[in-house]
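For reference, the structure discussed in these notes is given below.
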Amino acid sequence: MLSLALALTGCESRPPYKSDAELGLNPQQARGRALYDTYCLRCHEAYISGGRNGPSLMGVFKKKELPSGAPANDERAAEVILRGRAKMAAFSDRLSVEQVQDILAYMHTL
């Protein structure tokens with residue numbers, strides 16, 4: 001019944017959860033994935049195009065621009081993560097620069 005309701009509303013269902021090994025993640029990307037799941041996933045989907053409270057980040061570095069319109073590169077993405085933007089909170093008080101680099105490494109796999 002629930003699957004029928006989701007199908008009728010056009011909602012994308014999340015793909016089955018894959019392990020870090022199944023995704024071929026290296027240790028830095030795996031650390032980044034754990035951090036992403038903790039801090040980012042509540043608002044930004046990783047593996048489907050639909051968003052939650054923020055835009056999906058699936059394929060974010062395969063595009064020319066970030067959802068904000070800034071260039072899609074590590075420097076700009078790190079700045080947004082650390083300083084926040086518009087409705088997105090800043091994470092500079094919760095994440096180290098190294099942790100942000102780990103998240104970015106993971107985001108490049110999306």
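The values are calculated or read from the model by the stated rules, or taken from the named source; none is laboratory data. Just so it is clear, the structure is predicted and the values come from calculations on it, not from any experiment. Here the Cβ positions follow ideal geometry from the backbone for every residue, glycine too, while neighbour counts run over all protein chains shown.
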So residue 83 ticks every box in (1) at pLDDT 90 or above; (2) surrounded by 13 or more Cβ atoms within 10 Å (Cβ to Cβ) but one. Which box is left unticked? (2)
Residue count, segment 44-53 (criterion: without any contact (Cβ under 8 Å) to a residue 40 or more places away in the chain and within 9 Å of the chain's Cα centre (by Cα)): 2
Scan of segment 1-45 for residues that are modelled with pLDDT under 65, among the polar types (S, T, N, Q) and out of contact with any helix residue (DSSP H, G or I) (no Cβ under 9 Å at 6 or more places or on another chain), ordered by number: 3, 9
What residue, among those in segment 97-108 that are without any contact (Cβ under 8 Å) to a residue 40 or more places away in the chain and under 14 Å from residue 34 (Cβ atoms), is surrounded by the most Cβ atoms within 10 Å (Cβ to Cβ)? 100
Find all pairs meeting these conditions: Cβ atoms under 8 angstrom apart; at least six residues apart or on different chains; first residue within segment 1-30 and over 16 Å from residue 47 (Cβ atoms); second residue acidic (Asp, Glu) and at pLDDT 50 or above. 28/102
With respect to residue 98, determine if the residue is among the charged types (D, E, K, R) and at pLDDT 95 or above. yes
Which count do you get for residues in segment 47-80 that are touching a strand residue (DSSP E or B) at 6+ places or on another chain (Cβ under 8 Å) and under 21 Å from residue 94 (Cβ atoms)? 3
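Matching residues to (1) in a helix (DSSP H, G or I); (2) surrounded by 13 or more Cβ atoms within 10 Å (Cβ to Cβ); (3) touching a residue at least 12 places away in the same chain (Cβ under 8 Å):
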| position | (1), (2), (3) |
| --- | --- |
| 35 | yes, yes, yes |
| 42 | no, no, no |
| 55 | no, yes, yes |
| 67 | no, yes, yes |
| 75 | yes, no, no |
| 78 | yes, yes, yes |
| 110 | no, yes, yes |
